[in-house]
Structures are given as structure tokens and as C-alpha cells.
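Input: a single structure, listed below in C-alpha cells.
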Amino acid sequence: MQLTVRNVAELLNVSEKSIYRWINEGGLPAYRISGQYRFNRAELLEWATRNRVNVPPQVLSEPVKESDPLPDLAEALQAGGIFYRIGGRDKESVLRSVVEVLRVPDEVDREFLLQVLLAREALESTGIGDGVAVPHTRNPIVLHVPKPMVTLCFLENPIEFGALDGKPVHVLFTLISPTVRAHLHLLSRLVFALRDSEFKSWIQREGSREVILEVLRRVSQGMKKPGGEGSTGGVE
């Protein structure tokens with residue numbers, strides 16, 4: 001939480017006066033520390049997205065600390081959970097059901113989160129083929145969660161999702177992260193993992209939680225080896 005009023009004004013390309021007004025009138029999340037306002041980058045991004053404030057690329061750039069290890073995909077999936085027989089007859093109702101099971105803090109506005117996901121789908125489907133979709137946003141949504149999470153949902157009924165291959169979707173992965181860096185890291189690892197034949201097979205067969213996590217741990221270990229990681233693919 002190192003951003004000052006001046007930092008935020010420069011990032012959003014507005015005056016410092018506007019920042020103070022947004023704090024007082026617009027609910028811009030800020031913390032008073034020793035008489036000075038300080039801002040959390042993740043909360044700033046969420047607020048700007050919610051209030052349709054233009055978000056320049058600089059807001060997405062975070063200082064990288066060697067002490068902040070990147071998340072492990074298998075651990076993130078274990079934290080987010082695997083759910084079966086998620087209901088819904090169309091994209092909106094399915095995404096609503098998915099948002100309802102996400103393990104997010106009580107203060108998170110789930111309706112807002114749903115609308116953000118739907119807005120992304122209106123731009124372009126996140127269906128990546130073979131019945132799988134990865135609902136997310138172009139500007140990654142980051143929430144006040146203690147650690148990154150990936151939630152896997154198996155749908156009760158396949159639905160039309162506008163995927164490039166034209167196949168209905170029956171598997172959804174949703175990412176929730178405390179930082180943009182962690183979000184992008186998990187997204188790239190997930191796309192790579194879905195190229196592993198064994199992992200993909202168990203996903204298509206709706207395998208048990210135990211088996212899916214066990215296979216994903218093996219795949220994740222392979223990513224850590226030199227030359228073991230692939231490209232991020234076409235998910236943006």
C-alpha cells in the first residue's frame with residue numbers, strides 16, 4: 001500500500017483535486033496513515049473498473065519483489081475448489097451460479113463481479129475450445145483475498161458459449177487474485193496445463209477432486225523445469 005495521492009493522480013491522468021473528490025464522494029478506497037492518504041493498487045484497479053474510469057497500462061504494472069513468489073497452479077486450484085453439477089441454461093445464468101460458489105470474502109460485491117465477467121464475454125467469448133472456458137476480464141479483476149484462487153466448475157448441462165470451435169462448454173475455470181501479476185501468471189499456467197493430455201482427459205471426464213489435483217501437481221512440477229513451460233496461448 002505505497003501509492004500516494006500524487007501517484008494515483010498520475011496513474012489515472014487526473015488532478016489531485018479529483019482524487020480527493022473521489023475519496024469524499026465516489027468511495028475511492030483510501031487509508032489514512034500518519035495523516036496522509038495511501039492506496040492499494042488492487043483496490044484502485046477494482047474501483048476504477050467499477051466506476052468506468054479509464055485504466056491506463058501503468059495501473060496494471062506492479063513492482064516485482066523477489067520475496068513475493070508466484071503462485072502454484074495446483075495450490076491455487078485447491079484454494080478455489082472444484083464444484084460439480086453447476087446449474088444454468090445459458091451463459092448469464094451459468095456465470096451467476098459460478099460466482100455464487102466462489103470462495104471470496106463476504107464484502108465482495110458478487111453482482112458487480114458477475115457484470116464484469118459478462119461484459120468481457122460481450123466483447124469476445126472466453127471459450128477456448130473442447131468444451132472449456134476461462135471466464136476473466138481484459139483488465140484482470142483483483143480482489144482482497146489472502147491468496148490467488150482458481151475455481152473449477154463442471155456444468156450440469158453443456159451450454160452455448162460462442163467458443164471458436166463451436167462446441168458447447170461444460171467446464172469453466174475462474175481466476176481470482178490479489179494482484180495482477182499473480183492473475184496473469186496463473187492464466188498462462190492454466191492454458192499450458194490444459195495442453196497436457198492426461199490433465200485434459202481427467203477434466204473432460206469430470207474426474208474426482210483428488211485425481212485432478214494429483215495430476216495437476218505433476219503438471220505444475222513439469223512447468224518448473226527448464227524448458228518445461230509453454231506459451232500463454234490465445235487467452236487474453
Residue among Arg138, Arg205, Arg209 that alone is at pLDDT below 95 and either under 20 Å from Ser97 (Cβ atoms) or out of contact with any helix residue (DSSP H, G or I) (no Cβ under 6 Å at 6 or more places or on another chain) (or both): Arg138
Go through the range 167-196 residue by residue and tally those that are of a type in the set (Gly, Ala, Ser) and either modelled with pLDDT of 95 or more or touching a Cys at 6+ places or on another chain (Cβ under 9 Å) (or both). 0
Taking the condition in contact with a Ser or Thr (Cβ under 6 Å, 6 or more places away or on another chain) and of a type in the set (A, V, I, L, M), does Val180 pass? no
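The values are calculated or read from the model by the stated rules, or taken from the named source; none is laboratory data. It should be emphasised that the depicted structure is a prediction, and the values quoted were computed from it without experimental measurement. Cβ atoms come from the backbone with ideal geometry, glycine included; neighbour counts cover every protein chain shown.
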